[in-house]
Amino acid sequence: MEHSQLISVIVPVYNENEVLPTFYQRASDALRGIEGIDYELIFVNDGSTDGSNDVLTDLSTRDSRVRVVRFSRNFGHQIAISAGIDYAEGDCTVVIDADLQDPPEVIANMVAKWREGFDVVYGVRASRRGETPLKLLTASAFYRLLNRITKVHIPVDVGDFRLMSRRATDQLRQLREKDRFVRGLVSWIGFRQTGVIYERNERLAGQTKYPYGKMLKFALDGITSFSTVPLKLAMWLGYAASGFAFLYMISVFVQKALGYTIQGWATIMVAMLFLGGVQLICLGIMGEYLGRIFNEIKPRPMYIVEEVLGRRSATGD
Ligand code: UDP
Ligand code: MG
């Protein structure tokens with residue numbers, strides 16, 4: 001028989017003990033159904049506190065295809081994905097959520113595209129069941145804005161569910177920035193990319209680990225790591241304020257010439273508060289970038305691993 005190819009499936013896990021057994025079962029069934037491949041399941045336990053770790057430890061002792069990378073604390077979804085990519089040894093890698101919102105059966109379609117020669121095959125969401133209207137609206141507005149202000153084309157309706165070839169994975173591994181927006185980084189590396197359409201389901205059980213605060217941080221990571229347009233906002237606001245001031249000056253001259261008395265206090269207050277507000281906004285934007293520069297230059301590793309379980313680490317190969 002021909003030498004089979006290895007797929008590394010990366011699963012970020014944060015407090016998912018309710019869904020893990022079902023996920024493991026469905027993912028294993030789906031992967032076994034793909035011809036000519038072997039697979040490893042790399043669970044990155046991102047500081048779970050709900051017993052997910054016991055479930056994962058148990059899986060890794062029962063199934064030699066399971067590896068567990070346990071973080072020393074919660075580092076966040078994007079970093080968990082990146083750690084999985086660092087540990088993956090396969091001929092290609094797949095990133096998938098543990099909550100079964102991304103159906104493992106779609107991996108077979110991704111593998112087919114990969115065999116056609118694509119380096120990146122991302123999942124495109126045909127529909128998104130079980131999301132609030134506000135999440136759908138903010139997400140769609142965000143991706144449209146992001147594509148207007150960045151040069152890298154980041155496809156709309158695409159999450160982190162995707163397959164990457166070995167060489168795409170290796171390139172992605174070199175990008176060590178800490179405020180990560182992985183789907184943007186994958187677009188940035190280039191190569192041949194394509195999508196497969198799938199139905200995104202509701203989360204099987206448990207709560208979303210992305211409350212609005214985290215989503216906002218995620219959106220800011222996306223914008224600041226791919227665009228400097230917000231930094232130019234200060235200049236545009238400056239032009240606009242100067243233009244407005246010039247027009248107002250002319251109107252003052254005309255009023256004076258016509259003999260009107262010009263009332264001062266209200267105008268001064270409005271102008272002062274307006275300019276004060278604009279300046280603080282601009283400073284805030286600069287602060288946002290400055291904070292990220294600070295975060296980037298600290299020579300800290302991206303994450304800390306407490307323990308690695310699974311066959312490969314045991315034999316040290
Ligand atoms: N996740 C993680 N670390 C976090 C938050 C989430 O590893 O800090 C994992 C989570 O367990 C899941 C995936 O990332 O497998 C996506 O999270 P979630 O389903 O909560 O996000 P949503 O689908 O609601 O956007
Ligand atoms: Mg989810």
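The values are calculated or read from the model by the stated rules, or taken from the named source; none is laboratory data. Since the structure is predicted, the reported quantities are computational estimates derived from the model, not experimental observations. FYI the Cβ positions are ideal-geometry reconstructions off the backbone, even for glycines, and counts take in every protein chain you see. For accessibility, only protein heavy atoms count, side chains too; no ligands or nucleic acids. Shrake-Rupley method; radii C 1.70, N 1.55, O 1.52, S 1.80 Å.
Summary table
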| quantity | calculated |
| --- | --- |
| DSSP bridge orientation in the chain - percent antiparallel, rounded to nearest 5 | 30 percent |
| Efficiency of FRET between residue 268 and residue 231 - r from beta-carbon atoms, R0 30 angstrom, step 0.05 | 0.50 |
| Region 32-70-region 184-220 distance, computed between alpha-carbon centres (Å) | 21 Å |
| Burial ranking of peptide ranges 200-206, 218-224, 82-88 (average Cβ count within 10 Å, highest at the top) | 82-88, 218-224, 200-206 |
| Protection-proxy order for peptides 294-307, 141-154, each taking the mean of Cβ atoms within 10 Å per residue, highest first | 141-154, 294-307 |
| Out-of-range pairs (alpha-carbon distance over 30 Å; input 209/232; 232/298; 135/232) | 209/232 |
| Given charges at beta-carbon only (K, R positive; D, E negative), |dipole| of the chain in Debye | 1320 debye |
| Computed magnitude of the charge dipole of region 83-138 (debye, nearest 20; Cβ of K, R +1, Cβ of D, E -1) | 400 debye |
| Range of Cα positions in region 73-146 per principal axis (Å), largest first | 39, 36, 25 |
| Hydrodynamic radius by Kirkwood, which averages 1/r over all alpha carbon pairs of region 169-248, in angstrom | 16.8 Å |
| Residue 245 paired with residue 278, simple spin-label distance in nm, labels 7 Å along Cα-to-beta-carbon | 0.8 nm |
| The chain: angle of helix 77-87 to the longest principal axis, Cα-based, in degrees nearest 10 | 40 degrees |
| 270, 158, ranked by accessible area, largest first (probe 1.4 Å) | 270, 158 |
| The chain: angle of helix 229-257 to the longest principal axis, Cα-based, in degrees nearest 10 | 20 degrees |
| Distance (nanometres) between label positions extended 7 Å along Cα→Cβ at residue 298 and residue 89 | 3.4 nm |
| Region 224-317, dipole about Cα centre (Lys/Arg Cβ +1, Asp/Glu Cβ -1), debye to the nearest 20 | 200 debye |
| Accessible carbon and sulfur surface of the chain relative to its total accessible area, %, 1.4 Å | 61 percent |
| Nearest-ten-degree value, helix 107-116 long axis tilted from longest Cα axis of the chain | 90 degrees |
| Convex hull projection area averaged over all views, region 152-215, Cα basis, nm² | 5.9 nm² |
| Shape call, region 1-143: gyration tensor on alpha carbons, a/c limit 1.5 | oblate |
| q = 0.11, 0.12, 0.13 Å⁻¹: log10 I(q)/I(0) that the Debye formula gives for the chain, counting C-alpha atoms only | -0.74, -0.85, -0.97 |
| Gain upon complete extension [residue 35, residue 194; 0.36 nm per residue less C-alpha separation] | 55.1 nm |
| Pair residue 108, residue 26: separation of 7 Å Cα→Cβ label points (nm) | 1.5 nm |
